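Have a look at the structure below, then the notes.
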Amino acid sequence: MNDSQEEKAALSEDKLFELPGFPDEEDLEDGPVAVVECPEEIACNVCEAACPFGAIKVGREIKSVPEIDPEKCVGCGQCVSQCPGLAVYLVDMNYTDEKALLTIPYEFSPLPEEGESVTGITREGNKSSPVKVEGVDEKENGTAIVKILVPKPEIHRIRGISIEENQS
Amino acid sequence: MLNKEVAVVGGGPAGLTASIELAKRNVDVTLIDENLQAGGQLLKQTHKFFGSEEHYAGVRGFNIARELIEDAKDLAVDFLLEGSIYSVYEDKVLAVKKEKSTRLISPERVIFATGASEKVINFPGWTLPGVMGAGAVQTFVNQHRVLPGRKFTIIGSGNVGTIVAYQLLQAGAEVAAIVEAADEIGSYYVHANKAVRSGDIPVYTSHTIKEATGGESVDSVKIAQVDDSWQPVPGTEKTIDTDVVCLAVGLRPRTKLTSLTGCRSIYSSTLGGEVPLHDESMETSTDGVYVAGDVAGVEEASIAIEEGRLAGVSAASSLGYISNSAEADQKEEIRGRLELLRGGKYGEERAEEKERIRSIFNERLTRRESSTVRR
Amino acid sequence: MEEKKQDLRVNNHPILKGKSAGDKITITVEGEEIEAYEGEPIAAALLAADITVFRRTKKRQDPRGPFCGIGLCTDCVMKVNGEPNVRTCITPVEDGMVVEKQGDDREVRKNAK
């Protein structure tokens, strides 16, 4: 019999940090870098094809789990928008002294607005702290990029946002 | 009776690529589909597809359909839409009903790319309005742009269930729960995570639906935990407030028409159910009858795209349109891509099953003249 | 209990955007006029109007509504412009269409065209 009543599809932080798509700690401090949260062997290489700088490697065996090369990554966000699984996000740890910049894919309507305060949602689907939207980039393929300022300790926990709508 | 070189039955991804490969090689091909538009299940899919460039990876389902249809039209594939095949006679003759008239089509080769149909589970209250298949939910929401309700409970956490959950959130609906009988979510991690981090979606693994209740339509469901024998555990019932119960419990190959050709099939649980036996050229045990896509085993759109190509090349070669050596090269290329697509933890099991089907075919069967199943 | 109804039409989809809907028309369902849009199936217009019961079974008069959505299961059949057994999930609406629940099969057989 299963003890847990609920089980969500969310990697533990330990497993996340072990992924080939997760940059080493020193690389995280070095400017914007992509995190490819793709833990399973699935035949897909869109991230590799999307990167103009060759910073993501999947290889000929397209089932391989993607690897990030932080040296090559400039944080352009192409992978964030193109990944069919919406599994890639960008991290800029030292965007300001207090806040990190998290760039996530977003496919909901309405899009948030720059300057708006929204609620961060964790990987598990729980509401986290309010976060400010630093920028929104609509992309032609329909997957927008949203940049949010997050407290540094939350940088690897927040994966989505919720816009609290005004009740009319 | 209309004589044709090749009839392709089913205008989803497999049927479209098969038609394209045939038409590229100057084969006269008619694509028959019972719907108003070709595109199959791609038309309802708003997410970007996986795979690599050859499989339109990164392109949204409905756009893949659009591109394939355009390519087929550019190559002068003959589209017979709203055409429903109601019988298959001797020597592959297809009886087609369109509007109020019928016609017989006699093709030299036929490729069945009829896809898959949804499985259902029964429970008290399953006949209430509000209980519907995941395909129905997608059709109403993504094609017709109408939500069939406000609070959805999804039964089944495979890729279909988790993708539909996400699509429902995108459409502004609430997902009251995802209910999964197994002890872990069945879908790819990325599909599941994408859904759960986008809204408040309780996920109940090791749970099953016990009943749906309501007066005139569903207003709640009871779920319960299951034990190791899949039996509901007394005392673990929970009531969920919901008005649509979306059944995402699996797909099976749509083999009604292939069975009429007399071709042999086997049961494969991994591939969804009854699968027509076929060789590495996608040809069945009945001469000149090919299969491609989900009807040859439920897999994914990228596989359907490649199998359609394989069947198209095979049929073209059998009609003398390409030389044996060219055929061998082209097929090897496609098979190489299929092998890559069937890599990884989800693909491996299917790859094994497809291999088993091929070996059974080669060991046990000799191809025979086409025949019909007489009742 | 009267709840405030939310619009069931998905007009602002993040991927599909605004629907390039056909013209707005009117159909009559069980005597009541409801809005519909050209090109959509009858079932979509009914669901959008919060109508969930499409027919009743012969013996127990149990309610039934759409199930497969693609014209295969026949749970959604209704009488349309006098013609019974019309699969509403795949039949497009037309301006002025009259849609009714069909009676039990004796009535259907008697009145079938």
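None of B:ALA182, B:ALA177, B:ALA192 is under 24 Å from the mean Cα position of the chain (by Cα), in contact (Cβ under 8 Å) with a residue 12 or more places away in the chain and buried (at least 24 other Cβ atoms within 10 Å of the Cβ) except B:ALA192.
One line per residue, one yes/no per condition, for (1) assigned by TED's automatic domain parsing to the domain that holds B:ILE178; (2) among the basic types (Lys, Arg); (3) part of a helix (DSSP H, G or I); (4) farther than 27 Å from B:GLN41 by Cα:
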site	(1), (2), (3), (4)
B:LYS210	yes, yes, no, yes
B:SER217	yes, no, no, yes
B:SER229	yes, no, no, yes
B:THR239	yes, no, no, yes
B:SER259	no, no, yes, no
B:ILE266	no, no, no, no
B:THR270	no, no, no, no
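Scanning segment A:36-50 for residues that are surrounded by 24 or more Cβ atoms within 10 Å (Cβ to Cβ) and more than 8 Å from chain B (Cβ to nearest Cβ) returns A:VAL36, A:CYS47.
Within segment A:124-145, the set of residues being within 25 Å of A:PRO84 (Cβ to Cβ) and touching an Asp or Glu at 6+ places or on another chain (Cβ under 8 Å) comprises A:GLY125, A:VAL133, A:GLY135, A:VAL136, A:GLY142, A:THR143, A:ALA144, A:ILE145.
Picking from A:CYS73, A:CYS79, which residue would you name as being under 30 Å from B:SER52 (Cβ atoms), away from every other protein chain (no Cβ under 13 Å), modelled with pLDDT of 95 or more and touching a strand residue (DSSP E or B) at 6+ places or on another chain (Cβ under 7 Å)? Talk me through it step by step, then tell me what you get.
Values: A:CYS79 fails: away from every other protein chain (no Cβ under 13 Å).
Only one candidate qualifies: A:CYS73.
Among the residues of segment A:85-92, some residue qualifies, meaning at least one is within 20 Å of B:HIS55 (Cα to Cα) and among the hydrophobic types (A, V, I, L, M, F, W, C). Scanning segment C:93-113 finds no residues that are assigned to a loop (DSSP other than H, G, I, E, B), facing another protein chain (nearest Cβ under 9 Å) and either modelled with pLDDT of 95 or more or surrounded by 13 or more Cβ atoms within 10 Å (Cβ to Cβ) (or both). Restricting attention to segment B:147-174, the residues that are in a strand (DSSP E or B) and surrounded by fewer than 24 Cβ atoms within 10 Å (Cβ to Cβ) total 2.
Based on what the data block shows, is B:GLN138 under 21 Å from C:THR74 (Cα atoms) and touching a Leu at 6+ places or on another chain (Cβ under 8 Å)? Please lay out each step first, then the result.
Numbers: under 21 Å from C:THR74 (Cα atoms): yes; touching a Leu at 6+ places or on another chain (Cβ under 8 Å): no.
Spelling it out, it is not the case that B:GLN138 is under 21 Å from C:THR74 (Cα atoms) and touching a Leu at 6+ places or on another chain (Cβ under 8 Å).
Within the set B:GLY125, B:GLY115, B:GLY161, the sole residue that is in contact (Cβ under 8 Å) with a residue 40 or more places away in the chain, under 17 Å from the mean Cα position of the chain (by Cα), more than 10 Å from chain C (Cβ to nearest Cβ) and on the phi > 0 side of the Ramachandran plot turns out to be B:GLY115.
Checked against (1) crowded, with 22+ Cβ neighbours inside 10 Å; (2) not in a loop (DSSP other than H, G, I, E, B), A:PRO153 passes all but condition (1).
Please enumerate the residues belonging to segment A:51-69 that are surrounded by fewer than 21 Cβ atoms within 10 Å (Cβ to Cβ) and closer than 28 Å to A:ALA100 by Cβ. Walk me through how you get there before you give the answer.
Within segment A:51-69, the subset surrounded by fewer than 21 Cβ atoms within 10 Å (Cβ to Cβ) is A:52-54, A:57, A:59-61, A:64-65, A:67, A:69.
A:PRO52, A:PHE53, A:GLY54, A:LYS57, A:VAL65, A:GLU67, A:ASP69, listed by residue number.
Scanning segment C:34-59 for residues that are more than 10 Å from chain B (Cβ to nearest Cβ) and without any contact (Cβ under 8 Å) to a residue 24 or more places away in the chain yields C:ILE34, C:GLU35, C:LYS59. Just checking, does segment B:175-194 include any residue being more than 8 Å from chain A (Cβ to nearest Cβ) and in contact with a helix residue (DSSP H, G or I) (Cβ under 7 Å, 6 or more places away or on another chain)? There is at least one residue in segment B:175-194 that is more than 8 Å from chain A (Cβ to nearest Cβ) and in contact with a helix residue (DSSP H, G or I) (Cβ under 7 Å, 6 or more places away or on another chain).
Which residue, of A:GLU116, A:GLU140, is free of Cβ contacts under 8 Å to residues at least 24 places away in the same chain and either within 14 Å of another protein chain (Cβ to nearest Cβ) or under 25 Å from C:GLY18 (Cα atoms) (or both)?
On the way: A:GLU116 fails: free of Cβ contacts under 8 Å to residues at least 24 places away in the same chain.
None of the others qualify; the one that does is A:GLU140.
Check whether at least one residue in segment A:126-141 is under 13 Å from the mean Cα position of the chain (by Cα) and closer than 18 Å to B:VAL190 by Cα, and report yes or no.
Initial filter on segment A:126-141 (under 13 Å from the mean Cα position of the chain (by Cα)): none.
Checked against the condition, which is being under 13 Å from the mean Cα position of the chain (by Cα) and closer than 18 Å to B:VAL190 by Cα, segment A:126-141 yields no hits at all.
The helices (runs of 4 or more DSSP H) found entirely in segment A:1-87 that carry 1 or more residues being in contact (Cβ under 8 Å) with a residue 40 or more places away in the chain and of a type in the set (Val, Ile, Thr) are A:78-82. In segment B:89-112, the residue that is surrounded by the fewest Cβ atoms within 10 Å (Cβ to Cβ) out of those that are of a type in the set (A, V, I, L, M) and within 21 Å of the chain's Cα centre (by Cα) is B:VAL110.
Conditions (1) within 14 Å of chain A (Cβ to nearest Cβ); (2) acidic (Asp, Glu), marked per residue:
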{"residue": "B:VAL27", "(1), (2)": "no, no"}
{"residue": "B:ASN35", "(1), (2)": "no, no"}
{"residue": "B:THR46", "(1), (2)": "yes, no"}
{"residue": "B:GLU53", "(1), (2)": "yes, yes"}
{"residue": "B:VAL59", "(1), (2)": "yes, no"}
{"residue": "B:ILE69", "(1), (2)": "no, no"}
{"residue": "B:LYS73", "(1), (2)": "no, no"}
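Of all residues in segment B:205-226, those being surrounded by fewer than 24 Cβ atoms within 10 Å (Cβ to Cβ) and facing chain A (nearest Cβ under 9 Å) number 3. Might you check whether a residue that is crowded, with 22+ Cβ neighbours inside 10 Å, at pLDDT 95 or above and of a type in the set (Asp, Glu) occurs anywhere in segment B:52-72? Among the residues of segment B:52-72, not one is crowded, with 22+ Cβ neighbours inside 10 Å, at pLDDT 95 or above and of a type in the set (Asp, Glu), which makes the answer no.
The values are calculated or read from the model by the stated rules, or taken from the named source; none is laboratory data. From a predicted model like this one, the values you see are computed outputs, not experimental measurements. Don't worry about glycine lacking a Cβ; one is built from the backbone with ideal geometry, like all the others, and counts go over all protein chains shown.
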